[in-house]
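Undergrad: Handing you this structure, nothing more for now.
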Amino acid sequence: MKESEKITLCFVGNPNVGKSTLINRILNSNELETSDIPGTTKKTIQKKLIWNKNEFTFLDTAGVYKKKDLNFTKLVKATKSSEIVILVLDSSIDKLDKIHKKLAAYTLKVGKGLIVIFNKWDLVEKKKTKKKVLEKFIFNSLPQLGEKKSLFISALRDEEFTKVLKLSIEIKKLFKTKMPTSELNKWLKDTIKRNPPVKIKGREIKFKYIVQTDTNPPTFKIFSNYPGKINNSYKRFLEKRLKTNYKIDNIPVFLKFLATKNPYQDKKK
Ligand SMILES: Nc1nc2c(ncn2[C@@H]2O[C@H](COP(=O)(O)OP(=O)(O)O)[C@@H](O)[C@H]2O)c(=O)[nH]1
Ligand SMILES: [Mg+2]
């Protein structure tokens, strides 16, 4: 039997990017007030939808603006009760502004899921070229997110909005990922063999084993002889490789580096 889920999605983004329009279309209604006057939606509005037995709560944020700039503290507060933050951007942009980059990084850091939606896709002329550009800058500014995971949408013209719901359900599943220790250790061995860590001050770092210790988000412990000597870029490399190899996009994974003796080592000898 298919498990049903409760999923809270929080829509954030600059005024006028189409957050309310998008939520309305997903809800197939016109309950939220939309307008081309920035700042029409004054506070966070909550809506519910049951889809394929899953219970979605939509949070439409506004009132998180301080003059023209978004207020980061208010944004964080608005996203607090959600598991997935949906960052709605206007497809006409050519870079990610600071506050959204900060919010996206923060979202993943605190263990939430993240979906980037480029809305008003109908207004883009050279769609193929633009898509590549947008995917590239998202990948460059948010390497934690995973490749090619953004959605390109027209809240006004598209018919198919279930892709937002489907991706949210997928993300919810990813949070519960459980990986067998044997498979993880094979992965660690192969990864290190191909890209060994450099010696740090003459000391060779030997990775011993990896184990998943938690879900929501997936959390792993990696044991080695000198955990304190592993540099951050190598830690990030392992994190990124793990996410890529197991297709854990849109959510973070947490890696903890610890010191210990390999419990299997003695048995093998
Ligand atoms: N062309 C186009 N216009 C859109 C789209 N989505 C929203 N809009 C328009 O953009 C304006 C702002 O939309 P609204 O939902 O109020 O933005 P919000 O401030 O982010 O909630 C409205 O005039 C919408 O009709 C879209 O996909 N394409
Ligand atoms: Mg609005």
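Undergrad: Pick from the range 229-249 the residues that are within 18 Å of Ile205 (Cβ to Cβ) and among the hydrophobic types (A, V, I, L, M, F, W, C): which of them is surrounded by the most Cβ atoms within 10 Å (Cβ to Cβ)?
TA: This residue is Leu238.
Undergrad: I'd like the full set of residues that are at pLDDT below 75, more than 20 Å from Lys112 (Cα to Cα) and more than 8 Å from ligand 1 (Cβ to nearest atom), limited to the range 38-69.
TA: Selection gives Lys42, Lys43, Gly63, Tyr65, Lys66, Lys67, Lys68, Asp69.
Undergrad: Collect the residues in the range 113-157 that are without any contact (Cβ under 8 Å) to a residue 60 or more places away in the chain and assigned to a loop (DSSP other than H, G, I, E, B), keeping them in residue-number order. Talk me through it step by step, then tell me what you get.
TA: So the first thing to find is which residues in the range 113-157 are without any contact (Cβ under 8 Å) to a residue 60 or more places away in the chain, and the list is 116, 118, 121-142, 148, 150-151, 154, 157.
Passing the criteria: Val124, Glu125, Lys126, Leu142, Lys148, Ser150, Ser154, Arg157.
Undergrad: In addition: Does the range 142-162 hold any residues that are more than 16 Å from ligand 2 (Cβ to nearest atom) and surrounded by 15 or more Cβ atoms within 10 Å (Cβ to Cβ), and which are they? Spell out how you get there, then give the answer.
TA: First, the residues of the range 142-162 that are more than 16 Å from ligand 2 (Cβ to nearest atom): 142-152, 154, 157-162.
Listed by number, the residues that qualify are Leu142, Gln144, Leu145, Gly146, Lys149, Ser150, Leu151, Phe152, Ser154, Asp158, Phe161.
Undergrad: Taking the options Lys98, Lys102, Lys74, name whichever one is at pLDDT below 90, of a type in the set (Lys, Arg) and either away from ligand 2 (no atom under 16 Å from the Cβ) or not assigned by TED's automatic domain parsing to the domain that holds Thr129 (or both).
TA: Values: Lys102 fails: at pLDDT below 90; Lys74 fails: either away from ligand 2 (no atom under 16 Å from the Cβ) or not assigned by TED's automatic domain parsing to the domain that holds Thr129 (or both).
Just a single option satisfies the conditions, and that option is Lys98.
The values are calculated or read from the model by the stated rules, or taken from the named source; none is laboratory data. Predicted model, so just to flag it, every value in this text is computed and none were measured. In this analysis, Cβ positions are derived from the backbone assuming ideal geometry, glycine residues included, and neighbour counts consider all displayed protein chains.
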